[in-house]
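Engineer: Below is the structure I would like to discuss, written out as structure tokens.
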Amino acid sequence: MRPLIAITCSFTDGRMFLNHGYYEAVEKAGGIPVGAAPLRDKEALSKLIDRVDGLLFSGGPDVDPRRFGENPKPALGEVNPLRDEAEIFLCREAVKRKKPILGICRGIQLINVALGGTLYQDIQSEVEKPMKHSQQAPRWYASHDVVVSRDSLLFRILGSERVAVNSFHHQAVKDVAEALKPVAFSQDGIVEAVESVSGEFFLLGVQWHPEEMWQEYPLQLKLFEALVQAASEK
Ligand code: MN
């Protein structure tokens, strides 16, 4: 059976939205994508997790630094408290139930914060000698490389130590949550992927946007295929 994959959506100005790359990639990988609203009702969110086979945390606004015990710095961007609240709950519950999880961009950051990690609120102002992580090239274009640890789920999926990625983030993972390990870095030392330390179930976050790349860089579709595969074994 084709697994149901809940994809968290953005929510602003009274509208919920999701870029087509996400649901098309999940569909192409063999899953059935379902857009998940940032509901306030925790019981409803809990039932949603029961019914889906996997979750995809999508890109979006900054994670509120209050969620990891910091005040907002001047370069913090837009935050969405309702989305943070719903997604942190979804992530913690999904981890408890060992549901397969893929996080993309904001998604990797959200997973890290939900599990107790912290973020750079703004790479340019907090990291020494940073690279450009907010590319102005086309969205599908791989503007920098990441180096992938050989001993990782990510390496087993992509089969390569050096992977070309796009980059649209000014936040990044800082202190990695205890349950996670960093498995890919850019040249300036920014964490570009994390996964579960225990490896008990599929839990992977990537800082780039594979959903914008897979048509041009077919390798990137493997991330969605890995999620769908894990979700169909659940
Ligand atoms: Mn980057």
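The values are calculated or read from the model by the stated rules, or taken from the named source; none is laboratory data. Since we're looking at a predicted model, the values are computed, not measured. Note: ideal-geometry Cβ built from the backbone for every residue, glycine included; neighbour counts use all protein chains shown. Surface accessibility is based on the protein's heavy atoms, side chains included, excluding ligands, DNA and RNA. Shrake-Rupley method; radii C 1.70, N 1.55, O 1.52, S 1.80 Å.
Engineer: Which count do you get for residues in the range 54-79 that are under 16 Å from S134 (Cβ atoms) and in contact with a helix residue (DSSP H, G or I) (Cβ under 9 Å, 6 or more places away or on another chain)?
Structural biologist: The qualifying residues number 6.
Engineer: Looking at (1) part of a loop (DSSP other than H, G, I, E, B); (2) open to solvent by 40 Å² or more (accessible area, probe 1.4 Å), which is the only condition K99 fails?
Structural biologist: Every listed condition holds for K99 apart from (2).
Engineer: Continuing with the same structure: Checking the conditions here, which among F168, F185, F202 is buried (at least 18 other Cβ atoms within 10 Å of the Cβ) and of a type in the set (F, W, Y)?
Structural biologist: The conditions single out F202.
Engineer: Out of everything in the range 113-152 that is within 15 Å of the ligand (Cβ to nearest atom) and open to solvent by less than 10 Å² (accessible area, probe 1.4 Å), what residue ends up being nearest to the chain's Cα centre (by Cα)?
Structural biologist: Among those residues, the one meeting the criterion is L119.
Engineer: Which residue pairs have Cβ atoms under 8 Å apart, sit 6 or more places apart or on different chains, and have a first residue in the range 176-187 that is outside any loop (DSSP other than H, G, I, E, B) and a second that is open to solvent by 60 Å² or more (accessible area, probe 1.4 Å)?
Structural biologist: Partner pairs satisfying both residue conditions: L180/V197; K181/V197; A184/V147; F185/V147.
Engineer: I would also like to ask the following. Of these, A226, A231, which one is surrounded by 23 or more Cβ atoms within 10 Å (Cβ to Cβ) and either part of a loop (DSSP other than H, G, I, E, B) or in contact (Cβ under 8 Å) with a residue 60 or more places away in the chain (or both)?
Structural biologist: The unique qualifying residue is A231.
Engineer: Count, please, the residues in the range 159-175 that happen to be of a type outside the set (S, T, N, Q) and more than 16 Å from the ligand (Cβ to nearest atom).
Structural biologist: Counting residues in the range 159-175 that are of a type outside the set (S, T, N, Q) and more than 16 Å from the ligand (Cβ to nearest atom) gives 3.
Engineer: Scan the range 73-92 for residues that are open to solvent by 30 Å² or more (accessible area, probe 1.4 Å) and under 18 Å from G117 (Cβ atoms) and jot them down.
Structural biologist: Matches in the range 73-92: K73, L76, V79, E85, F89, R92.
Engineer: While we're looking at this one, here's another question. Hey, could you check the range 31-42 for residues that are over 18 Å from the mean Cα position of the chain (by Cα) and surrounded by 15 or more Cβ atoms within 10 Å (Cβ to Cβ) and say which is nearest to L102 (Cα to Cα)?
Structural biologist: The residue in question is I32.
Engineer: Could you go through the range 205-223 and let me know if any residue there is in a strand (DSSP E or B), of a type outside the set (V, I, T) and either touching a residue at least 12 places away in the same chain (Cβ under 8 Å) or surrounded by 17 or more Cβ atoms within 10 Å (Cβ to Cβ) (or both).
Structural biologist: Taking every residue of the range 205-223 in turn, at least one turns out to be in a strand (DSSP E or B), of a type outside the set (V, I, T) and either touching a residue at least 12 places away in the same chain (Cβ under 8 Å) or surrounded by 17 or more Cβ atoms within 10 Å (Cβ to Cβ) (or both).
Engineer: Only residues that are in contact with a Phe, Trp or Tyr (Cβ under 9 Å, 6 or more places away or on another chain) and either of a type outside the set (S, T, Y) or within 16 Å of the ligand (Cβ to nearest atom) (or both): list them for the range 187-206, please.
Structural biologist: Passing the criteria: I190, V191, E192, A193, E195, G205.
Residue-wise test of (1) hydrophobic (A, V, I, L, M, F, W, C); (2) touching a strand residue (DSSP E or B) at 6+ places or on another chain (Cβ under 9 Å); (3) in contact (Cβ under 8 Å) with a residue 12 or more places away in the chain.
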residue	(1), (2), (3)
P81	no, no, yes
D84	no, no, yes
I88	yes, no, yes
V95	yes, yes, yes
G103	no, yes, yes
T118	no, yes, yes
K132	no, yes, yes
L158	yes, yes, yes
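Engineer: Considering only the range 66-79, state which residues are assigned to a helix (DSSP H, G or I) and either among the acidic types (D, E) or without any contact (Cβ under 8 Å) to a residue 12 or more places away in the chain (or both).
Structural biologist: Across the range 66-79, the qualifying residue is only R66.
Engineer: Also: When you go through (1) out of contact with any Asp or Glu (no Cβ under 6 Å at 6 or more places or on another chain); (2) open to solvent by 10 Å² or more (accessible area, probe 1.4 Å); (3) not in a loop (DSSP other than H, G, I, E, B) one by one for V163, which number turns out not to apply?
Structural biologist: Status for V163: all satisfied but (2).
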